[in-house]
Structures are given as C-alpha cells and as structure tokens.
1. So which residues in segment 70-89 are surrounded by 18 or more Cβ atoms within 10 Å (Cβ to Cβ), polar (S, T, N, Q) and not in a loop (DSSP other than H, G, I, E, B)?
2. Would you tally the residues in segment 106-121 being surrounded by 13 or more Cβ atoms within 10 Å (Cβ to Cβ), over 16 Å from residue 55 (Cα atoms), without any contact (Cβ under 8 Å) to a residue 60 or more places away in the chain and among the hydrophobic types (A, V, I, L, M, F, W, C)?
3. Here are some conditions: (1) modelled with pLDDT of 95 or more; (2) in a helix (DSSP H, G or I); (3) more than 21 Å from residue 270 (Cα to Cα). Residue 122 meets all but one. Which one does it not meet?
4. If the Cβ limit is 6 Å and pairs must be 6+ apart or interchain, which residue in segment 154-167 that is under 11 Å from residue 44 (Cα atoms) pairs with which residue that is among the hydroxyl-bearing types (Ser, Thr, Tyr) and outside any helix (DSSP H, G or I)?
5. Of the conditions (1) surrounded by fewer than 23 Cβ atoms within 10 Å (Cβ to Cβ); (2) on the phi < 0 side of the Ramachandran plot, residue 164 fails just one. Which one is it?
6. Kindly list the number of the only condition in (1) modelled with pLDDT of 95 or more; (2) under 21 Å from residue 52 (Cβ atoms) that fails for residue 129.
7. Can you find a residue in segment 133-147 that is surrounded by 18 or more Cβ atoms within 10 Å (Cβ to Cβ), touching a residue at least 24 places away in the same chain (Cβ under 8 Å), at positive phi and not in a helix (DSSP H, G or I)?
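The values are calculated or read from the model by the stated rules, or taken from the named source; none is laboratory data. Only a predicted model underlies this, so the values are computations on that prediction, with no experimental measurement involved. Backbone-built Cβ (ideal geometry, glycine too); neighbour counts: all protein chains shown.
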Amino acid sequence: MSFVFILSTCFFLIFLNTLFIYYIIITSKKYVINTITGLNVLLVISHPDDECMFFSPTLLELGKMEYKNKMHVLCLSVGNESGLGNIRKKELEASCTSLGIDVKFVKCLNHPELQDGPKNVWNPELISSTIEEYVEKHGIDVIITFDDKGISGHPNHSAAYNGARNYILSKIPSKSKSSSKSKLLRLYKLKTVNIIRKYISIFDLLQTYLIHNYINIKSLFSESPSSEKDLHDKNKRKNQELIEKEDKLLNLPDSFLFVSTLPQYIKSRTSMTYHKSQLVWFRYLYILASRYGYQSIRNGRKMICNIFMFFAFLII
C-alpha cells in the first residue's frame, strides 16, 4: 500500500510540474515571440501526412497572420506504396488548407525515382535539385525538414534531410568565389529522440524545457561567432529591402521551442483526420501516445542551423 501511495504521489508531482512548465512557456513572452517573421518558409516532407504527424504545430505557429510568413510545403512523393497516391495527394492538400496554407503553395511530386517505400533508395542529388528549383521559383528563405535519422527511422525521411543538406551545402560559397551573389538560407531540422521520450506524451515537456534552457544558458557564456555578420557587412547590396531580409536571417537563433496551445493542438489533430486513407488502428495509437519534438546542439556552417520544437498540448 505504501509503495502504491509513493508511486502515485510521484506521478502526481510530475504531472503538476509538467502543467506548471506548460503554463510558464505558454504565458512567457520569451517563448511567444517568434523571430521568423516576414519570410518564405518551406517545409520539405517525404509523404502526405508527415506535415501533420510531425510538423503541424510548427506550421500553425509560423503561419500566424501577425508573423506575415508565407508557408510552403514540398512533398517529395504522393505516398503511392499501397496504390493510393492520387487519394493521398488530395488529402495532403485538404490537410494543409486546414492548417492555413494556400493550396497553390503545396506541391506533391510523383517522380519515378522518388516513390514511397522503405526499400526505395532516394537520390539526395535529385532531391537537392528539386528543392533548388522550388526555392528559386518562390524565393524561399527558410527550409524545415527531418534530420538524418528521419524521426521514425524511415529512409525516405532521412533522404529528405540529406537532399536539403546537400542543397544548402552547395550554396555555401567557396573561398575562391565571391559570395555577393549567393542567397542566404537557413535550414532547420527536426531531430529524432529515443523511443521512450517519443511516447511519453506531455510528460516529456519537463526534460524538453530543461534541455532547451540549458542550451540558452550555455550560449550566454560562450562567444557567438561573428564571421557570418562580418561577411554580410562586407557584401551589402544596394537594395535596402534585401539587406533587411538578410539581417533578419543572420539574426535567427540556432534553435526554437514551440509549444502548442490547446486550440492549436485541436487544429493539429483535426488536420490528421483529412488523411482518411491512413487512419488505421495504429495511427490512433500514435495520436494518443506520441509526443514529438527535437533538440539539437549541432550548429553547422554558414547556412545550416538547427531546430528545437515541442509539439504539445497533450500528444502528437
């Protein structure tokens, strides 16, 4: 009896601490202020439904009207592994519309070399060129995608990251080339967490909060590199509007913490219901059990930085 009482008490205290931290994050200006404003943001995913299973709180937050961002979604396949590609493409468009994204900024590919399936190897160079075409056409400033482990270990997810990374690296000017004509971009990735953290729902918020703040505290005592800004100052364009946009990109933090409010959580769950062809029993278990976020302390070269997100209210 005493053991059960102690266990129950510990669980109750953890629950109270989680709710307290959730309240702090939601009401704190530190986390409400979003520094991605007035930019073209591209989400690169591998299959229809990735946008709501992993990224819907991010899309909802960055897509708020007051931030004046233009949200784009590039899906690298129609998800035709089971022969439902045409249906899934329409479901993706409906889901994105429910998340506030204009359907004209949602592109779903059906390339013969980018077909859905864990055994299908996607060429990162092909993905890189596909992203490049979209970026140049729509003037993209920020790219968001999976990390190299692909959240669920799906090789198509990992391929999306490898392709985006290759594209970003190809745009970093070499020392022998002038960087005055190169476009400044930011790549943010959603990192894979271990399976325990993945499926403990809102109870991972405590650890997420502490890790994120550890990174913030650590940055206060470390000298941030100024080479990017020095290079930017040396190559200022005459176009003032372009200069202001590049200043904005240079000043973006290396990580973000997004916590969904209850209305955002409901909207995220609603977007998943548009993928009716995918709502099999284990999808419902995922919705009920999964928390998804990302923490990364890797800060790459000039055009590469990392993202940290927590997708809550209860579970995602």
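1. Selection gives nothing.
2. Qualifying residue count, segment 106-121: 2.
3. Evaluating residue 122 over (1) modelled with pLDDT of 95 or more; (2) in a helix (DSSP H, G or I); (3) more than 21 Å from residue 270 (Cα to Cα) leaves (2) as the failure.
4. Sorted first by the residue in segment 154-167, then by its partner, the pairs are 157/46; 160/46; 160/145; 161/145; 164/145.
5. The single condition residue 164 does not satisfy is (1).
6. All conditions are met except number (2).
7. No, every residue in segment 133-147 fails to be surrounded by 18 or more Cβ atoms within 10 Å (Cβ to Cβ), touching a residue at least 24 places away in the same chain (Cβ under 8 Å), at positive phi and not in a helix (DSSP H, G or I).
Residue-by-condition table, conditions (1) touching a residue at least 40 places away in the same chain (Cβ under 8 Å); (2) of a type in the set (Lys, Arg):
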{"site": "64", "(1), (2)": "no, yes"}
{"site": "76", "(1), (2)": "yes, no"}
{"site": "80", "(1), (2)": "no, no"}
{"site": "88", "(1), (2)": "yes, yes"}
